[in-house]
Structure formats: C-alpha cells, structure tokens
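Please treat every number below as a calculation from the coordinates, not as lab data. Bear in mind the structure is a predicted one, so any value in this text is a computation, not a measurement. Cβ placement follows ideal geometry from the backbone for every residue including glycine, while neighbour counts extend to all protein chains displayed.
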Amino acid sequence: MLIMHRFYWGTFVIWAKQKEEQHLAEDTRKIDAKIQAYASKVQTFLTQINQIILDKEQQTKLALSCLLAGGHVLFEDLPGLGKTTLSSALAHIAGLQFQRIQFTNDMLASDVIGVNMFNQKEHMFEFKQGPIFTQILLADEINRCSPKTQSALLEAMEEGAVTVDGIRYTLPQPFWVIATQNPLFQSGTYALPESQLDRFLMRLSLGYPSRSAEKLLLQQDSRQVLISTLAQVFQQDEILQLQHLVQQVYVGDVVMDYLLDLAQESRKGCHGLSTRGLLALKKAAQAHALIEQRSFVTADDVQAVFVAVTAHRIGLSEIETAQLMRQIPIS
C-alpha cells in the first residue's frame, strides 16, 4: 500500500509539473503575441523621434524605455542641446498632454502643484491646479529652484498624486516627469538631494550633436515645425497597456542573480545601490526587452540600461559605473 501511495504521489507531482510548464508556455505565447502586436508602433515611434533628435538613437531608446517602465528621466546637459525639443516630440508622438515649467530661484511649491483660492462669489475655497496636472511634465532647469520647491515634485513622482491642505489630488495617468538640470559649475544652481535623484529612473545626457547632424539642423526647418508634421503613434490607453505589459516580461533566475551580483558589487563603495534602485534596474531592463521585441530579459538588456539607472544613485561617473558593471561576469 505504501509503495502504491508513493507511486500515485510521484505521478501526481509529474502531472502537476507538466501542467505548470504548459501554463507558463501558454502565458509566454500570449505575451509574445501582445509584444508583436505593438512592435511596429514602437519602431515607428523610435523612427519618428530620431528624425527630430538626430544621431542620438541610444538616448531616445533609453528615454522610451523609461516611459514604458513608468519611471521619470533626468537630463543633465548644457542649455540648448535639445532637451525641450525631445520632450515636446515625445509628448506629441505619444499622444499625451504636455506642460513645461521653467524653474527659477524665486519659484514656490504652489507655482508647481497649485493653490487654494477663495471664490468670493461662491464664498468657498477652490483648488486651482498647477502645471503639474498633465501627463508629460518638462521640469526645465530643475536645479535652479530652491530645495523646498524641488521637494514639491517628490510625492507626485513617487505616487502620482499631490496633497494640498490635507486633500489628495490624483494626477492624470500616465504621468511622466522629464527634468533637466544644468551642470553644477554654472551659477545659480542647487544640487539635487539624493532623495530626489533616487526618484528618477534614469539620468541621461544628449551631449553635442555630431558634425553631420549639426549641419542638418542648420539646413532644416525648426524642430517645432517638424514636430507638428509628425503623426501621433500611440493613444493614451496604449501607453498604459504597454506599461502593464512591461511588468509581465519574464526575468529568469540567471538574470535575477546577475542583478543581485551587480547590486552587491555596488555596495562595496560608500553609496551602494538600494533595493528601490535594484527594482528600478529590473523594470528598466524589462522595458528595454519589450522594445527589442522579446518577452524575456537578457543580460544585454541589463547592461544597456545599467549606467543610466545606477550612476546617479551610487554617486559615480558614467565611466566608473560602466567599469563596475564589467567586474561582474555573466553566468
């Protein structure tokens, strides 16, 4: 009887494992089908954005990865290198609402999130929304305002909502902050605190264009004219669906161990990658895999986003962060 019991139990375990594998295979096929359904639109999106931002294919792909991962991006560059143009183009092609805030040293938090104003006719206070109530917010030269005003963005970036006089207001979805900051050697700048830097999924730099790209910029119409000629690629609901699909991209044990090894290596310094930073790295790699039309993450996806996701979190330069990544072998 005991032998028969073990036989039936062993048969049941094998059957259960086969069923689980079948379900996983079926789920993978469904995710693959959804990714392929969006593949042409994702490629069209990148093609159009690269007609506006010339010779910066890596940065535009990372910016799209950031949007699909539901994270925010910080551009650190000198003025006049295309950050505002990129933001406008992303909003136009993605079919999302766009607002721009030019930060200055005398700006208040209420200038960003809004304020309660007294309506004399109705004899009651009414909330007047600030420019943060949009879907893509360009926070231009964010490090020119005081730390108190900078902190007004923290709740919005983390939770997609703001609180004014004890009342919580939900922001439109998707909500994406594209912030720019000038180099700290320029006058009138305040360094962003670590707590706010950590809210940005990626930090990117466009840098100067190549000579050939800059020549085209001189020959062509203004970027704003070109943006107006581009077709809208996505609808708002499609962006939300893609963000949900990113979370379903599979991360296997080998890649998971690789992520943990990278985090462990970063923690040998004084500012290691936090758990929130590690989660951000995973999500960014999933978004990159989706753009590459895969339903699973590879080490190449992790390496493609690693510097942009971690350098500003661990206080190292991009070169030092890349060197840290190369110290960890891929299993």
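Listing for the model above:
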read-out	value
Ranked list, fewest to most other Cβ atoms within 10 Å of each Cβ, for 157, 325	325, 157
Spin-label zone in segment 251-267 - amide nitrogen under 18 Å from a point set 7 Å from the Cα of residue 30 along the C-beta vector	251
Which of 232, 193, 44, positive extreme of dipole for the chain (C-beta unit charges)	44
For peptides 315-321, 60-66, sequence by mean Cβ density within 10 Å, most packed first	60-66, 315-321
Low-density loop cleavage sites - GluC sites (Glu not before Pro) in segment 79-175, where at most 14 other Cβ are within 10 Å (DSSP)	122
Hull volume in cubic angstrom per residue (convex hull over the Cα atoms of the chain)	204
Whole-number percent relative contact order across the chain, with pairs defined as alpha carbons under 8 Å at least 6 apart	21
Estimated dipole of segment 247-331 in Debye, rounded to 20 [Cβ of Lys and Arg +1, of Asp and Glu -1, Cα centre]	280
About the Cα centre, charge dipole magnitude for the chain (Lys/Arg +1, Asp/Glu -1 at Cβ), debye	280
For 225, 115, order by how many other beta-carbon atoms lie within 10 Å, fewest first	225, 115
Separation of alpha-carbon centers, segment 237-271 and segment 30-57, rounded to whole Å	21
Net length gained if the chain between residue 230 and residue 208 were fully extended (0.36 nm per residue, minus Cα distance)	5.5 nm
Given charges at Cβ of Lys, Arg, Asp, Glu: segment 78-192 dipole, positive-most of 157, 110, 90	90
Relative contact order %, segment 247-331, counting alpha carbon pairs below 8 Å whose residues are six or more apart	36
Separation between Cα centres of segment 295-312 and segment 83-158, rounded to whole Å	30
Length released on extending from residue 47 to residue 274, taking residue separation times 0.36 nm less the Cα-Cα span	78.2 nm
At R0 = 51 Å, FRET efficiency that the Cβ-Cβ distance of residue 241 and residue 102 yields, to 0.05	0.95
